[in-house]
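Every number here is computed from the coordinates shown, using simple stated rules; none is lab data. Predicted model only: the values in this text are computed from it and were never measured. With ideal geometry, Cβ positions are generated from the backbone for all residues, glycine too; neighbour counts draw on all protein chains shown.
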Amino acid sequence: MKVDIIGGGIAGLSLGIYLQHNGFDTTIYERHTTAGGLCTGWKRGAYTFNGCMHWLLGSASGISFHTFWQELLDIDSLDFIYFDERVQFELPLRDRHGSNIFHFYNDVDRFEQYLTDIAPEDTKHIRLWMSRIRYIMPLLDYLPPVFEDRPWHRNLPLYVRLMRLAPMGLFMLRWSRITNTQFAKRFRNPFVRMAVAQLYEKEMRMAVLLFVQAYAAKRVAGYPIGSSLHFADKLAEAYTDAGGTLKTNTLVSGIVVADNQARGLRLADGTCTSADFVASAADWHWTVFDALGGRYITDNQRKLHNPPKERIFYSFCILYLGIAADLADLPHFFRFPVEPFASPDGTRYERLEVHIYNYDPTLAPRGCTTMAVNFQTREGQYWIDLRNNDLQEYRRQKAEFCQHVISLLTNKLGSHITDRISVTDLTTPATYARYTGNRLGSSQGWTPNDNVAMPFPVTQTLPGLERFVMAGHWMKAGGGIPIALHSARNAAWHICNALGRRFEPNKKGK
Ligand SMILES: Cc1cc2nc3c(=O)[nH]c(=O)nc-3n(C[C@H](O)[C@H](O)[C@H](O)COP(=O)(O)OP(=O)(O)OC[C@H]3O[C@@H](n4cnc5c(N)ncnc54)[C@H](O)[C@@H]3O)c2cc1C
């Protein structure tokens, strides 16, 4: 049986592998020259730039996502790095030992010890915070549960174990209500109060933050040596090894529907394909409103047609630098305050957030290093319109922005480093939108807010449309690679059942 899949990002590739393992004949149609979608990287001269992740959930055992990856590829043969410190950042204050650097350690015990040392007056809040991370850590093996398609009584032992998750609902409700900025106000120590408010570049729900900390503390979310590009290549290889067909440079323009059943794809070159089932692992908005003309949708879903930009997970401008200098002495990830300035899209920044890839020797020649300076933005439309309407002006504004950021780096790091910049490359939301079709260049789908704990209208199937399913980071608020992977597994299961088969995640080969 034939399944056509739109999009060769993490979701499309994962879905393709699951279906190949279950005996389907799949083709992935990908608009770009390579698979991977947002999970990518690229070469500029002698340098490779990591275009995406620093933390792959499930890179090691102890979390259900590791089981899912094992179903798809030999994840344990890849090399991952686990950082002791998530990030360190400079504050305009000093702690009681005279340091203006805050260390955000990944290990809970170490972080707790560090915090109680610099802010003994806040011990109560620190202990509560760390206890919540420790509470989550053992549950990660079940979140989400690794269900299998078998009679309910054979799943009974799993259901019994899942009882441990019952209090999780209350936990999520409670910690989704407050953000780190609000939580910070509980601290009396001014240094720690300011640091907790700045743990991330943007305000985060505490529930999300606690999970991120639990993953890091458990060392189950690592950076893949060779960058996101290497990881995406490995997944694409697993797909073609499983017998799947990957058609790159192939833009899909619509979904062919007859009698309320998806029957194939309409390609941009005017041809149509024919399939027993269609899956979209592309942008949610494009799929529902463009490819299907908004015909199969609930009222609540229709309200997401033109969502306020705050509902869409931020996009990025990222300045990538190839530097002919060995930066081994610098932290791998740090932030520091700068004279406030606005980027061309009007977003104001008061800090620079810098990744230094001094831990991945595969990205630069010996003695050289790649660096990335991140700017989160919700002004995707500005960049997309500018690029579409005036390419020359788009390039001019990018060049001016690059120069300003490099001058800020020079002030901080010194010209002995910035004089050695040999390659520069700036991505904008227009880059992500152009290469992956994500609305406003979103990096992870929908923004997580109250929708993390509350019901969310997006569903993997659409009312009234048969033989069709969706997967990808738009399927659950918060998005990211974990949601892309998990939704792909669910989509494969759905297709198997809809076509009268039992879903077998581990059955390799046709
Ligand atoms: C800078 C950055 C850092 C990130 N860091 C992390 C991290 O550390 N951890 C993490 O978990 N996540 C991270 N993310 C998010 C993560 O990369 C994405 O959430 C995830 O890769 C999305 O995968 P996807 O398959 O759902 O969607 P996509 O990657 O968007 O894939 C969709 C694919 O469909 C194709 N497509 C779209 N429309 C069409 C069409 N009409 N015809 C043919 N093909 C089409 C696109 O070209 C694309 O390849 C990061 C993202 C960015 C940008």
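How high is the FRET efficiency from L330 to R219, r the C-beta distance, R0 25 Å, rounded to 0.05? Before the final figure, lay out each step's value.
Numbers: r = 23 Å, r/R0 = 0.91.
Using R0 = 25 Å, I get an efficiency of 0.65.
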Once amide H atoms are built 1.01 Å from N in the peptide plane, which residues 5 or more positions from F341, or in another chain, come under 5 Å H to H? Y349
Given R₀ = 25 Å, FRET efficiency for K185-F341 by Cβ-Cβ distance, to 0.05? 0.35
Please give the length that would be gained between S253 and M1 if that part of the chain were fully extended, namely 0.36 nm times their separation in residues minus their C-alpha to C-alpha distance (nm, one decimal). 88.4 nm
Antiparallel as a % of all DSSP beta bridges within the chain, to the nearest 5? 70
Residues of the stretch 369-399 with amide N under 18 Å of a point placed 7 Å along Cα→Cβ from E203: 376-379
What residue among Y159, V212, P144 has its Cα farthest toward the positive end of the dipole of the stretch 83-218, where the charges are +1 on Lys, Arg and -1 on Asp, Glu, each on the Cβ? Y159
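Taking 26 Å as the cut-off for C-alpha to C-alpha distance, list the pairs among K185/K476; K124/K218; K309/K398 that go past it. Mind dumping the intermediate values first?
Working: K185/K476 30 Å; K124/K218 23 Å; K309/K398 22 Å.
Pairs exceeding the cut-off: K185/K476.
Arranged from highest to lowest average of other beta-carbon atoms within 10 Å per residue, in what order do the peptides 280-293, 319-332, 340-353 appear?
280-293, 319-332, 340-353
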Which log10 I(q)/I(0) values does the chain give at q = 0.09 Å⁻¹ under the Debye formula, counting every alpha carbon as one identical point scatterer? -0.66
5 Å is the cut-off here: which amide hydrogens, built 1.01 Å from N in the peptide plane, fall below it relative to L426, excluding neighbours closer than 5 in sequence? Y320
With unit charges on the beta carbons (Lys and Arg positive, Asp and Glu negative) and the dipole taken about the Cα centre of the chain, which residue among P307, S443, L229 sits farthest to the positive side? P307
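At 0.36 nm per residue, minus the direct Cα-Cα distance, what do R311 and N260 gain on full extension? Give it in nm, one decimal, please. Write out the running numbers ahead of the final one.
Values: separation 51, 0.36 × 51 = 18.36 nm, distance 3.03 nm.
Difference between extended and current length: 15.3 nm.
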On a C-alpha basis, how far is the centre of the stretch 327-371 from the centre of the stretch 24-49 in Å? Whole number, if you could? 24
Rounded FRET efficiency, nearest 0.05, which uses the C-beta distance separating S407 from D109 and R0 of 41 Å: 0.50
Contour minus Cα-Cα span, L93 to N506, at 0.36 nm per residue, comes to 143.3 nm
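Would you mind giving the three semi-axes, in whole Å and largest first, of the ellipsoid equivalent to the stretch 107-217 according to its Cα gyration tensor?
Working: eigenvalues 219, 38, 25 Å².
Square roots of five times the eigenvalues give 33, 14, 11 Å.
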Hey, got a sec? Which trypsin sites (Lys or Arg not before Pro) in the stretch 234-314 land in a DSSP loop and have at most 14 other Cβ atoms within 10 Å? R295, K303
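Could you size up the charge dipole of the stretch 270-405 around its Cα centre, putting +1 on the beta carbon of Lys and Arg and -1 on that of Asp and Glu, and report it in debye to the nearest 20? Mind dumping the intermediate values first?
Details: 14 positive and 17 negative charges, 45 e Å.
Dipole magnitude for the stretch 270-405 comes out near 220 debye.
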Which residues in the stretch 325-343 place their backbone N less than 11 Å from a point set 7 Å from the Cα of R366 along the Cα-to-Cβ direction? none
Treating only the Cβ of Lys, Arg, Asp and Glu as charged (+1, +1, -1, -1), what charge dipole size does the chain show about its Cα centre? Round to the nearest 20 debye. 1160
Inter-part gap, Cα centre of the stretch 372-429 to Cα centre of the stretch 163-219, in whole angstrom, is 32
Once label points are set 7 Å from the Cα along Cα→Cβ at both H416 and L170, what is their separation, rounded to one decimal in nm? 5.8
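Counting other Cβ atoms within 10 Å, keep those with at most 10, restrict to DSSP loop, and tell me which chymotrypsin sites (Phe, Trp or Tyr not before Pro) in the stretch 1-48 are left. Mind dumping the intermediate values first?
Details: sites: Y18, F24, Y29, W42, Y47; in loops: F24.
Hits after loop and neighbour filter: nothing returned.
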